[in-house]
Amino acid sequence: MNGEWHDKIFSVTERSFRQLSLDIFHFQYGANKVYNSYVNALGKTPSDVDEIEKIPFLPISFFKTDEIKTGKFNAEVIFKSSGTTQTINSQHHVKDVSIYTQSFTSAFEKMYGALKEWCILGLLPSYLEKGDSSLVYMVNSFIKQSQHAQSGFYLYDLDRLRETLFSLERADQKTLLIGVTYALLDFAEKFPPDSYREPLKNTIIIETGGMKGRREELTRMEVHERLGKTFGSTEIHSEYGMTELLSQAYAKKQGRFQCPPWMRILIRDDEDPLSVLSLDVPRLQTVAHLSGAINVIDLANVDSCSFIATDDVGKLYPDKSFEVLGRMDGSDLRGCSLLTV
């Protein structure tokens, strides 16, 4: 990655975000063949784009059919989506994996503090077995950076996971259990509430979404209700990420996700994909929220495409937090899916 872009992306401010987004749009229009062709097919030219709301957002499905690269390079790593056996998986060709590492590490530590203060437990069985998951790469890095002797992955050894949680609780160790939704629900059902000797006061659970066809699709609220019945007062948070993005958002309360400074959510009309809105527009600044399909600006995607039209549906709030309400009809079930609406 060009060092100049790297420094600008991770030092971006609220004030500089719009201009940097426009700069990266012009860069990607000129150097990304797939994105260039898409923008041209829409009849747009760079001179038309003077606000981030006017930037064309690439449909996320292009990651299934094309190599999305800005410039020519041999990928250091190719991440693949989990999908199901009936779907075509997305691929993200990553030029420089260090930008991914900086993105997920900085985003986590902005929300939760230094990784070295945590014990990280990963419950990502099917993802771990595939070996090309961006989520596994992230959690594995968290485990290494935590440097805690009990940090690690747990495949199907739920008894050992339970005993580890109790051990860490007795030691007053801050613990993060990050898991795919279906595996966390399996864990919760195997050990009902009365099987816990003490509440897990030092543990935070982060669900990443994902049923992979193994369970009925649930809303995030339903998932949290089911987990809450087992884990009681233990905090249950959520992570919003996907193969096609190198950044993540986290929700601590009320299902409202917060983005790191180099990531932003806009809302598009699901009937008119070129109608994109943010709450920065003066005429919308008194609106309680915007609802529609979710577009993501991820500046860390500078070597692929930073402007992604997802298949998710949600709400955007004036403080730039957002909710994910589900998925658009007809979209593939993905690792991060929770509901089709």
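The values are calculated or read from the model by the stated rules, or taken from the named source; none is laboratory data. These numbers come from a predicted model, not from an experiment. Neighbour counts are summed over all protein chains in view; Cβ atoms, including those assigned to glycine, are modelled from backbone coordinates with ideal geometry. Note: accessible area is taken over every heavy atom of the protein model, side chains too, but ligands, DNA and RNA are not part of it. Shrake-Rupley method; radii C 1.70, N 1.55, O 1.52, S 1.80 Å.
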Worksheet item: What pairs from Lys44/Lys72; Lys8/Lys54; Lys190/Lys320 go past 29 Å between their alpha carbons?
Response: Lys190/Lys320
Fill in: Accessible surface of Trp262 - all protein chains present, 1.4 Å probe, nearest 10 Å²
0 Å²
Worksheet item: Dipole of the chain (Lys/Arg Cβ +1, Asp/Glu Cβ -1, origin at the Cα centre): which of Ser278, His148, His224 lies farthest to the positive side?
Response: His148
Item to complete: Give me the percent of the accessible area of the chain that comes from carbon and sulfur atoms, probe 1.4 Å, all protein chains in place.
Response: 49 percent
Worksheet item: Using the alpha-carbon atoms, what tilt in degrees (0 to 90, nearest 10) does helix 220-231 show relative to the longest principal axis of the chain?
Response: 20 degrees
Practice prompt. Would you kindly find the accessible area of Ser233, with a 1.4 Å probe and non-protein molecules such as ligands, DNA and RNA excluded, rounding to the nearest 10 Å²?
Written response: 90 Å²
Item to complete: Quote the charge dipole size of the chain about the Cα centre in Debye, to the nearest 20; the model charges only the Cβ of Lys and Arg (+1) and of Asp and Glu (-1).
Response: 440 debye
Item to complete: Report, in degrees rounded to the nearest 10, the 0 to 90 angle that the Cα long axis of helix 158-170 makes with the longest principal axis of the chain.
Response: 80 degrees
Worksheet item: Expressed in nm to one decimal, what extension gain is obtained for the pair Gln150 and Glu222 from 0.36 nm per residue of sequence separation less their Cα-Cα distance?
Response: 22.9 nm
Worksheet, complete the sentence: Helix 97-112: inclination vs the chain longest Cα principal axis, degrees, rounded to 10, gives 60 degrees
Practice prompt. Just need the relative contact order of the chain here, percent rounded to a whole number, with Cα pairs under 8 Å and 6+ apart.
Written response: 19 percent
Worksheet item: With all protein chains present and a 1.4 Å probe, how do Asp96, Asp66 order by accessible area, largest first?
Response: Asp66, Asp96
Item to complete: For the chain, report the accessible area per residue in Å² (1.4 Å probe, heavy atoms, rounded to an integer).
Response: 43 Å²
Fill in: Reachable lysines from Lys315, criterion Cα separation under 19 angstrom, eight or more residues apart if same chain
Lys252, Lys253
Worksheet entry | Area accessible to solvent at Arg226, 1.4 Å probe radius, in Å² | 90 Å²
Discussion item. I want to check the label-to-label distance for Met111 and Lys190. Put each point 7 Å from Cα in the C-beta direction and report it in nm to one decimal.
Written reply: 2.5 nm
Item to complete: Classify the chain as rounded, prolate or oblate, taking a ≥ b ≥ c as the square roots of the eigenvalues of its Cα gyration tensor: rounded when a/c is under 1.5, otherwise prolate if a/b is larger than b/c and oblate if not.
Response: prolate
Item to complete: Give the shape of segment 33-92 as rounded, prolate or oblate, defined through the alpha-carbon gyration tensor: a ≥ b ≥ c are the square roots of its eigenvalues, a/c under 1.5 means rounded, and otherwise the shape is prolate if a/b is larger than b/c and oblate if not.
Response: prolate
Fill in: Built amide H within the under 5 Å cut-off of Thr70, gap 5+
Ser304
Practice prompt. Would you compute, from DSSP H runs of 4+ residues alone, the mean residue ellipticity of the chain at 222 nm, taking -39500 (n - 2.57) per run and dividing by the full residue count, rounded to the nearest 500?
Written response: -9500 deg cm²/dmol
Response to the item:
Taking a ≥ b ≥ c as the square roots of the eigenvalues of the Cα gyration tensor, with a/c under 1.5 meaning rounded and otherwise prolate when a/b exceeds b/c and oblate if not, segment 64-114 is oblate
